[in-house]
Structures are given as structure tokens and as C-alpha cells.
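The values are calculated or read from the model by the stated rules, or taken from the named source; none is laboratory data. Since the structure is predicted, the reported quantities are computational estimates derived from the model, not experimental observations. All Cβ positions, glycine included, derive from the backbone under ideal geometry; neighbour counts span all protein chains shown.
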């Protein structure tokens with residue numbers, strides 16, 4: 001389903017052994033919910049049922065959430081929605097942007113609305129709900145009859161509103177953090193809404209959890225890149241449909257690994273800043289920097305094998321210089337560019353790892369998502385940091401409320 | 001139109017003086033076309049006329065291009081198109097992604113197609129043209145009657161095809177590089193197609209060229225960030241509509257500044273890797289890294305002043321915890337978050353500069369685009385590198401063709 005094709009750095013058996021132990025320690029920790037999700041069929045069944053009910057309102061959906069509550073669903077929406085209009089992602093408190101997504105209020109006489117916040121207290125999501133109410137109330141004063149909430153099963157501002165308005169609430173598991181939530185109802189409900197089988201994501205996730213060697217190799221390679229002082233990790237994905245996979249990866253990596261202190265209160269080891277790039281697009285933007293800039297990067301290239309057979313170019317060539325591509329496919333060009341980029345980078349002494357994902361099916365995607373979640377959790381265990389909190393985001397939130405209240 | 005609000009680092013008068021001289025040297029170089037564009041009314045007039053002609057085919061447009069030929073127009077399309085479907089940007093040789101943009105072939109019985117490549121030889125753009133032909137030929141065998149080419153006025157594969165099929169060709173000025181081309185017909189034709197006045201972008205651009213002190217301050221601040229060994233420059237923009245401004249900035253910075261050699265053949269000085277982020281969205285993803293990770297970043301925050309008055313939240317509050325926002329706007333929340341993020345970062349010792357752009361009007365946007373082009377060119381002059389080539393991208397291209405031909 002997923003394999004490492006090439007890597008410029010080899011890992012010693014002792015590095016692999018210690019990474020393996022870190023990966024095992026993650027799966028031994030029963031307080032972590034994310035790796036136990038394939039064993040919770042009730043969450044899958046609830047997601048499917050909720051999606052079916054929303055579909056009765058038509059096939060369009062607005063999703064309100066931010067960070068871990070939007071990046072996973074956004075990736076799945078990019079990959080699987082039948083049109084760019086099917087799923088609108090309202091993930092920023094930006095009034096012009098939201099109005100662009102919403103379009104005309106009349107369009108929302110049908111369609112559904114899902115509000116996602118683990119804590120139920122996310123200011124951007126609650127304020128966007130309020131703004132949407134102002135926007136749509138003239139068309140349907142009780143629009144929330146077509147709404148759904150995904151939140152922790154606790155009393156909080158969002159679930160209290162849901163209770164008052166009789167909006168159904170789907171469970172955001174308390175033992176799964178926002179950035180580890182794509183395989184909870186957060187992602188599964190949206191995938192089901194688009195007609196994808198939620199069970200298949202879980203089969204893929206289970207596949208990854210059985211491939212300890214793959215996860216351990218990625219943990220060991222990541223640690224080795226830090227030892228080489230490669231302080232930028234580029235997740236370079238060769239398909240535009242994976243663009244928001246890159247954004248999801250950036251959050252997972254950045255929030256989980258960059259910590260001031262270890263679990264023992266000592267200064268935490270330095271980790272890299274993650275950057276997402278898209279091939280071949282970014283071969284026309286940032287690659288000059290990677291090729292000729294400082295050797296401070298580790299490039300992880302993701303290719304999708306099935307693309308190579310897609311996009312036939314035919315033999316009726318309009319432009320003679322395309323001769324080498326006659327009767328080939330556009331996907332084959334993209335694949336050749338991915339391989340060539342890896343070779344060119346390696347040739348310049350840039351560290352590269354190539355990962356091939358079989359296809360864009362739910363099982364492959366479920367495998368990819370669970371694999372990286374496990375790797376990041378394993379990295380946290382290796383670095384002895386808490387990969388599941390995010391203390392650095394609190395100060396900004398407090399200051400924003402202070403500014404708003406005029407203090 | 002644009003001003004620096006706050007900065008954590010102060011610049012000495014000698015730093016500012018030397019940056020000023022670098023900025024002046026750019027405007028003294030008559031071989032550089034980008035800063036002379038406001039003096040070329042013919043390009044503006046041609047862009048407007050071409051856009052008017054394309055509008056006769058309906059108000060939808062597919063744009064084929066990559067890198068400098070797509071990032072500028074993509075930013076403008078995000079900002080100004082009346083719906084996400086109006087302008088489709090085909091900027092990757094990804095077959096599944098392109099088919100998602102194209103939708104049903106029948107939809108393209110109307111609409112227009114523009115192919116942009118400075119050299120006329122960009123493999124991804126030519127191959128996508130070929131693929132589109134295979135896709136749409138059954139619906140309209142001579143679809144190119146509704147096409148336009150933007151390319152250098154020279155014989156090349158794209159202009160030869162245009163000549164053969166009688167497709168009009170709009171001039172891509174030979175003295176303007178791809179990543180400096182947004183204020184040529186590349187961006188102006190698309191903006192005109194969306195009903196925006198091309199002249200206003202140029203008025204804004206001219207405004208920036210008169211504000212030498214602003215450009216010099218940004219050059220000096222950038223150089224000072226390199227002296228502080230801040231090897232990641234984050235362009236953090238507080239509006240989702242500016243997302244592709246960030247991508248445009250990344251290309252401009254990365255391709256222009258990361259060079260192996262100076263113009264004298266000496267090893268070039270080290271520069272930063274640019275990263276784009278969006279607020280408030282990325283306050284839920286990468287900010288943990290910026291707050292608690294290594295102090296290797298300079299954060300440049302862009303705010304749009306007019307947003308603060310947009311998105312009224314009303315007084316009929318659905319959720320009691322929104323009380324501090326009663327009768328305020330969503331844009332005010334976004335602005336408070338931008339300010340709070342800058343304060344929180346500064347409090348943690350992260351270097352920050354805040355830039356305020358007045359609004360999203362063509363003149364403000366034209367000013368912003370010209371300002372950063374001037375700053376990057378000025379940085380190139382300061383660092384004594386060629387900011388206008390990209391030698392590091394060639395090896396990958398050669399290797400891709402080798403792989404495709406089976407060698």
C-alpha cells in the first residue's frame with residue numbers, strides 16, 4: 001500500500017532498533033486514542049448514519065472548523081468531492097473569504113452545516129457560526145435544523161447551543177487530539193457524506209499499524225535528518241490533490257514536535273520546521289532554493305503510483321516538441337518529474353526520501369494518515385517530549401481577547 | 001496605501017543608507033523591465049482588449065501556466081473572481097487534478113482558454129494543452145478558436161502552434177522574468193477579464209516606486225534577519241484571500257535569492273527559505289513551532305486594514321461566550337488575532353515585522369506586488385547575486401526528459 005522507494009541516507013541497525021522501541025511504546029500507551037480508532041466500530045457507524053441524515057438536505061455541505069478540525073476533512077474533500085462546490089470549508093475568521101465560500105444566501109435553503117470543535121470553545125469557529133447566522137437568517141430563520149455538531153461529549157459552549165437547538169452531536173473522542181482526529185467522525189463523517197466507505201479508511205489504518213518496520217524507518221530517518229542539522233523538513237507531494245495533505249502534515253509535525261521542554265522539564269531537543277510543497281508546481285517556485293540554497297533541508301517526496309496511467313495524451317500531437325510524450329500519459333510525465341527531482345536533489349547533495357503510495361483509495365489514504373500519525377507520535381517518544389499538547393498557542397489567544405475587550 | 005506598523009528590530013542609518021543605494025541601483029538598471037511596466041501603456045491596453053474579446057465567449061476561463069505564469073494570476077483570481085468557478089488554474093501536470101478543474105467536457109462549449117509560458121516551451125503547460133485537447137475535442141474539435149496565448153514575441157513551440165491555428169498572441173515582455181510578470185499581460189489580462197481596471201494596478205505600482213524609504217527599510221530588515229541567522233522567513237498574511245499571495249512571495253524570494261555564486265563567481269551569501277502562512281488558520285497549525293521551536297525565523301505579518309469593518313456579527317447572540325464580540329465584526333476578531341500574534345511572538349523573542357495594506361483594491365494590490373518585487377531585486381543587488389536567473393531548476397528538467405525517453 002505504501003513503501004519507501006529510495007533514500008539517500010542509510011540507517012544503522014541500532015538507530016532502527018531504538019526507533020522500533022519508540023513506535024512500540026506508542027502502541028503500548030492506552031491513554032492515546034488515535035491508534036485505537038480501528039477498534040471502535042461505533043464511531044464509524046455513527047459517522048455513516050450522521051452523513052446519511054445530512055444527505056437528505058441535499059449534497060452540499062459547509063464545514064466550520066479550524067486546525068485539526070478542518071485540515072483532515074479539507075484534504076479528504078479535495079480528494080473525493082465530486083465538485084469544488086460540494087464541500088465548503090470555513091476555516092478562518094476572514095469575513096470576505098467566508099462570504100466567497102457561502103455565495104448567495106438563497107443557495108442555502110438546502111444543504112447542511114457541520115460545526116467541529118473538540119473543546120467546543122474555539123473562538124474562530126463560534127464567531128463564524130454567529131456570522132453565518134447573521135448571513136442566512138433572512139432565508140431560513142431556523143437553519144440549524146440542518147446542522148450537526150462534532151465535539152467532545154461534555155458541556156461546552158458548542159454542545160450547549162446544540163442541546164438548546166436540538167442539533168445532533170457526534171462524538172469527538174476525548175482521548176484523541178485535534179491534529180490526530182482525521183480518522184474519527186471529524187474526517188469519517190465528511191468522507192461518508194461524499195459517498196466513501198468509512199470502513200476502508202480504517203482497514204488502511206490497521207494495515208499501517210501492522211507495518212512497524214516502515215514506521216520505525218521513518219522515525220529513524222527523521223531523527224537522522226535532525227542529527228545532520230537539516231532544520232527544514234519538506235513534505236513534497238506529487239499530486240495537487242494532496243496539497244492539503246501537506247498542510248495536515250505541517251500541523252501534525254509542527255504542533256507535536258516543537259516543544260520548549262521535555263517531559264522531565266529539561267530543555268527539549270531542537271526539531272525541524274515542516275514545509276509543504278507540491279510537484280511539479282513547486283519545481284517552478286521553491287526548488288531553486290532547495291538545489292542551490294543552504295543544505296538545511298530533508299526532502300520527503302510522496303508519489304501516487306496509480307497516477308502514471310492517468311491522463312492519456314493521444315497520438316494526434318498539436319505541438320511537435322511533445323513527441324517524447326506521444327501515446328504516453330500526463331501522469332507519466334508527473335511521475336518522471338518526481339523521479340528526476342529526487343535524482344537531481346540527491347546529485348546536489350540534498351537528503352531525500354521517496355515514498356510511494358499505491359493509489360488515492362480510502363484504504364491507501366487511511367494507511368498514509370495513520371502511518372504519519374504513528375511516526376510523529378514515535379518521534380515524540382524518542383525525543384521525550386509531549387507530542388499531544390500545544391502550550392505555545394495559548395498566549396496569542398489570551399492577548400487577542402484582551403485586545404477585543406479594549407484592555 | 002502600505003505601511004510598516006511595528007517591527008521588533010531597529011535598523012541603523014548606515015544599514016538604511018546602503019539598502020537605499022541598492023534599491024536605487026535597481027531603478028537605474030534599464031535592462032530590468034519589471035519596474036518600467038507602469039510606463040508601458042500599450043501592454044495595459046492590449047490586455048484589456050484581449051480580455052474583452054475573451055469575455056464574448058462567456059465569463060469562464062481556464063488558465064494554463066505554471067510558476068511565474070500562474071501564481072500571480074491565481075492570487076488575483078482568488079481575490080477578484082465572482083465565484084470559485086470563474087477562473088480555473090491548470091498549473092500542474094496532474095491528470096486527476098486537471099480533470100477535477102475541467103469538470104464535464106460539455107461545460108466547455110463556451111468559455112475561454114489562455115496558455116501562458118514565457119519561453120513557449122514549458123513542458124507541463126504544453127502537455128496540459130495536449131491533454132485538454134484529448135479531453136474536449138469531441139465537444140468542439142476547434143476549441144482553440146476561443147484560446148489566447150501569452151508568450152515572448154518570438155518563434156517557439158507555443159507561438160508556432162498559435163500561428164498555425166490563428167490563436168492571438170499577447171506579449172510577454174522579453175525583459176521581464178516569469179516571477180516578476182504579474183503586472184504584465186499575465187496578470188493584467190486576467191484581472192481585466194474579472195472586470196478590474198488594469199490601470200489601477202499600475203497606479204499602485206507607481207505609488208510603490210515613489211516610496212523608496214519603505215522599500216529600503218524592508219531590504220535592510222531582511223538583511224538584518226539574515227545577520228541574526230534567521231534562516232526561515234515567514235510571510236504570514238491575515239486574510240485567506242491572500243493565500244496565493246504567499247505562494248507568489250515564496251517563488252519570488254526563493255528563486256531570486258538562493259544562488260550558489262555571486263555575480264563575481266564567488267560563493268554566494270546564505271539566504272533564508274521563505275514559508276507562507278495564513279492567519280488565523282495557521283495559528284492552529286504552525287504557530288506552536290514558531291513560539292517554542294528554535295529562534296530561526298523572521299515573521300512578516302501582512303494585515304488588510306479594511307477587513308476590520310467587514311462581517312457584522314449582530315447582537316442576537318446564539319452563543320453566550322461570544323459576548324465580547326456582540327455588535328462587533330468578524331474582521332475585527334481577525335485583526336485582533338493578527339495584533340495578538342505579533343505581540344505574543346515578540347514576547348517570546350521572535351523577530352516580527354507588521355505591514356498594513358489599506359484594502360484589497362487593485363491599486364493597493366498593485367502597490368504590494370511592485371513593492372516586494374523591488375525589495376527582492378534590491379536584496380539581489382545588496383547580496384551581489386543575479387536575482388533574475390534560476391540555474392538550479394535545469395538539472396531536474398533534463399533528468400525528467402531522460403527518464404521519459406527511457407534512457
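Here are some notes:
- Residue list for the stretch A:283-301, filter: part of a helix (DSSP H, G or I) and over 9 Å from residue B:393 (Cα atoms): A:289, A:290, A:292
- When the stretch A:344-361 is filtered for residues that are buried (at least 18 other Cβ atoms within 10 Å of the Cβ) and either at pLDDT below 95 or part of a helix (DSSP H, G or I) (or both), the ones remaining, listed by number, are A:344, A:345.
- Within the set B:210, B:203, the sole residue that is surrounded by fewer than 21 Cβ atoms within 10 Å (Cβ to Cβ), under 21 Å from residue B:368 (Cα atoms) and without any contact (Cβ under 8 Å) to a residue 12 or more places away in the chain turns out to be B:210.
- Only one of A:365, A:393 that is at pLDDT 95 or above, crowded, with 17+ Cβ neighbours inside 10 Å and assigned to a helix (DSSP H, G or I): A:365
- For the stretch B:237-247, the criterion of being touching a residue at least 60 places away in the same chain (Cβ under 8 Å), part of a helix (DSSP H, G or I) and more than 21 Å from residue A:243 (Cα to Cα) is met by none of the residues.
- Test: residue A:276 is assigned by TED's automatic domain parsing to the domain that holds residue A:373, surrounded by fewer than 24 Cβ atoms within 10 Å (Cβ to Cβ) and closer than 18 Å to residue A:179 by Cβ: yes
- Enumeration of residues in the stretch B:285-305 that are under 26 Å from the mean Cα position of the chain (by Cα) and more than 9 Å from every other protein chain (Cβ to nearest Cβ): B:298, B:299, B:300, B:301, B:302, B:303, B:305
- Scanning the stretch B:226-236 for residues that are at negative phi, more than 7 Å from every other protein chain (Cβ to nearest Cβ) and not in a helix (DSSP H, G or I) yields B:228, B:230, B:233, B:234, B:235, B:236.
- Boolean, residue A:44 is under 18 Å from the mean Cα position of the chain (by Cα), under 26 Å from residue A:122 (Cα atoms) and buried (at least 21 other Cβ atoms within 10 Å of the Cβ): no
- Screening residue A:16 with (1) in contact with a strand residue (DSSP E or B) (Cβ under 7 Å, 6 or more places away or on another chain); (2) over 25 Å from residue A:130 (Cα atoms) gives one miss only, at (1).
- Matching residues in the stretch A:5-23 - criterion: being under 23 Å from the mean Cα position of the chain (by Cα) and either without any contact (Cβ under 8 Å) to a residue 40 or more places away in the chain or surrounded by 15 or more Cβ atoms within 10 Å (Cβ to Cβ) (or both): A:22, A:23
- Evaluated against (1) over 16 Å from residue A:376 (Cβ atoms); (2) in contact with a helix residue (DSSP H, G or I) (Cβ under 9 Å, 6 or more places away or on another chain); (3) facing another protein chain (nearest Cβ under 9 Å), residue A:273 falls short on exactly one condition, (1).
- Residue check, residue A:202 over 30 Å from residue A:404 (Cβ atoms) and within 14 Å of another protein chain (Cβ to nearest Cβ): no
- Filter result for residue A:36 (more than 9 Å from chain B (Cβ to nearest Cβ) and surrounded by fewer than 19 Cβ atoms within 10 Å (Cβ to Cβ)): yes
- Scanning the stretch A:310-335 for residues that are in contact with a strand residue (DSSP E or B) (Cβ under 6 Å, 6 or more places away or on another chain) and surrounded by fewer than 18 Cβ atoms within 10 Å (Cβ to Cβ) yields a single hit, A:312.
- Complete set of residues in the stretch A:309-334 that are at pLDDT 95 or above and either under 15 Å from residue B:98 (Cβ atoms) or more than 8 Å from chain B (Cβ to nearest Cβ) (or both): A:309, A:310, A:311, A:312, A:313, A:329, A:330, A:331, A:332, A:333, A:334
- The residue list A:183, A:170 contains one member that is outside the structural domain of residue A:252 (by TED's automatic domain parsing) and under 15 Å from residue A:252 (Cα atoms), which is A:183.
- Filter result for the condition that a residue is touching a helix residue (DSSP H, G or I) at 6+ places or on another chain (Cβ under 6 Å) and away from every other protein chain (no Cβ under 12 Å), over A:387, A:400, A:367: A:367
- Boolean, residue A:338 is within 16 Å of residue A:242 (Cβ to Cβ), crowded, with 16+ Cβ neighbours inside 10 Å and in contact (Cβ under 8 Å) with a residue 24 or more places away in the chain: yes
- Yes/no for residue A:77 being within 29 Å of residue A:300 (Cβ to Cβ) and surrounded by fewer than 24 Cβ atoms within 10 Å (Cβ to Cβ): yes
- Lone qualifier among B:216, B:254, B:191 - being closer than 23 Å to residue B:28 by Cβ, in contact with a helix residue (DSSP H, G or I) (Cβ under 6 Å, 6 or more places away or on another chain) and part of a helix (DSSP H, G or I): B:216
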